[in-house]
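The values are calculated or read from the model by the stated rules, or taken from the named source; none is laboratory data. Remember, predicted model here, so these are calculated numbers, not experimental data. Cβ coordinates were reconstructed from backbone atoms using ideal geometry, including for glycine residues, and neighbour counts include every protein chain displayed.
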Amino acid sequence: MGAAGPRTPRRRRRGPPDERFRRLEARVAELEASERKLATERDILRKAAKYFAGKTNW
């Protein structure tokens, strides 16, 4: 903390509300696609782990 006190987060305004809304919608769509991909990868890894766990001869 400096002499001015704690910093407060500032909102960044990048253009008119319609533009910001479109940008946020695009980001949400990007994050949803990423979530679907990660869920698919997780399911594949779970199935592979289950498969290989049954194949061990320890």
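Results, tabulated for the structure shown:
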quantity: Any hit, segment 1-10, residues being surrounded by 10 or more Cβ atoms within 10 Å (Cβ to Cβ) and either at pLDDT below 95 or among the hydrophobic types (A, V, I, L, M, F, W, C) (or both); calculated: no
quantity: Segment 32-51 residues that are surrounded by fewer than 10 Cβ atoms within 10 Å (Cβ to Cβ), paired with ones that are of a type outside the set (A, V, I, L, M, F, W, C) and at pLDDT 95 or above (beta carbon under 9 Å, 6 or more apart); calculated: none
